[in-house]
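The values are calculated or read from the model by the stated rules, or taken from the named source; none is laboratory data. Please read these numbers as outputs of a predicted model, since none were measured by experiment. Using ideal geometry, Cβ is built from the backbone for each residue, glycine included, and neighbour counts are taken over all protein chains shown. The area values use the complete protein model at the heavy-atom level, side chains included, leaving out ligands, DNA and RNA. Shrake-Rupley method; radii C 1.70, N 1.55, O 1.52, S 1.80 Å.
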Amino acid sequence: MTIQKPPEGAHAEADGVTYHYLELGTTGRPTVFLHGGGPGCTGWSDFGQVAPLFAEDRHCYLVDILQYGKSAKPVIEGPMWDYHAAKTVALLDTLGIERADFVCNSWGGTIALNLAAKYPERTRSLTITGSMPVFHGPLAPLPEGGRRGRNARDVYYGGTGPSWEKMRELIARLEWYDPAAIPDDTVTLRYEQSLDPEETALAGASDNPRGDWQDLTAELGTIQAPTLFVWGMYDAFLTPDYPLMLARMVPKGNLHVMHHASHHPQEERPHAYYTAVTGFLNQQHD
């Protein structure tokens, strides 16, 4: 398995910030892909394996979320998911997208869930993988508390600093079920992006440049968009009982659990991921 080089991207201004995005396909429903928050993540690194399948009959936008990739890297003050949701809506306005299907991983999924709650008219459906929008599990508070991802970032950027080997170890430990299947090109893509001076500065900031964490418990119950949670059976952050709880909190929630997959099933098993998600998307009727 290899990841192809990304197509030519573009930039768009959105309420005072600049987004970078890749556009695949020219016909079909607008579908916005939002990636996760690991070091070096971009729209292409997280969805480059699977987006071309969706682009056969969808108009796909692979967005670098703010503070990642080639998008702007502002210091965020105040509630972080509110900030990202508002800026993403501004991006939709710039791109002329009235309503979109969202296909998202980790941080991107939490952004999309909050967007669907706050801006319901802009959301047709949600596909969410590996996200943590609430700080409690079905039986007790989460021991994870969001710290594992932040600790991994600190370890990656700390000590002797970023390296190709440390990036591969991070992906193997936290994102993929089968470390032997990780493409070297994916590691290189993530590693090279992680060296971006602005990303490095954000990682090393002593204050909190990413904004204030929000628990979205109250918001989930207001989401009217059909929602599919797609989870790796062996997700290193949150076991499948957590998305089952989320699927019951969202009024039109569904859950699909994939075997032999961890935190990035869309990369690890792109055809299986596409098949499950496109089946869900094709069920939605306006």
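What the table shows:
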quantity: Listed residues ASN208, THR188, TYR177: farthest to the positive end of the dipole of segment 167-215 (Cβ charges); calculated: TYR177
quantity: Relative contact order (%) - criterion: Cα under 8 Å, at least six apart; region: the chain; calculated: 21 percent
quantity: Overall Cα dimensions of the chain - principal axes, largest extent first, Å; calculated: 52, 44, 40
quantity: Computed over segment 73-141: relative contact order in percent, which uses C-alpha pairs under 8 Å that are six or more apart; calculated: 32 percent
quantity: Segment 4-100: trypsin sites (Lys or Arg not before Pro) in DSSP coil with no more than 16 other Cβ atoms inside 10 Å; calculated: ARG99
quantity: Whole-percent carbon and sulfur share, accessible surface of segment 132-286, 1.4 Å; calculated: 55 percent
quantity: Solvent-accessible area, 1.4 Å probe, carbon plus sulfur percent, for segment 58-123; calculated: 50 percent
quantity: Within the chain, longest stretch free of exposed GluC sites (Glu not before Pro) [DSSP loop, at most 11 other beta carbons within 10 Å]; calculated: 99-286
quantity: Rounded to whole Hz, the Karplus (6.51, -1.76, 1.60) HN-Hα couplings of segment 161-168, x for glycine and proline; calculated: x, x, 8, 4, 5, 5, 5, 4
quantity: Percentage relative contact order, segment 1-145, counting C-alpha pairs under 8 Å, at least six apart; calculated: 24 percent
quantity: Greater than 28 Å apart at Cα, pairs in LYS73/LYS166; LYS87/LYS166; LYS70/LYS166; calculated: LYS87/LYS166
quantity: Rg over Rh [alpha-carbon atoms, Kirkwood Rh] for segment 73-206; calculated: 0.99
quantity: PHE135 - accessible surface, heavy atoms, 1.4 Å probe, Å² rounded to 10; calculated: 80 Å²
quantity: Extreme residue, positive dipole direction of the chain, given options GLY253, GLY96, TYR156 (C-beta unit charges); calculated: GLY253
quantity: Low-density loop positions, trypsin sites (Lys or Arg not before Pro), segment 197-286 - DSSP coil, at most 15 other Cβ in 10 Å; calculated: LYS252
quantity: Total charge dipole magnitude, segment 1-93, about the Cα centre, Cβ charges on Lys, Arg, Asp, Glu only, Debye to nearest 20; calculated: 200 debye
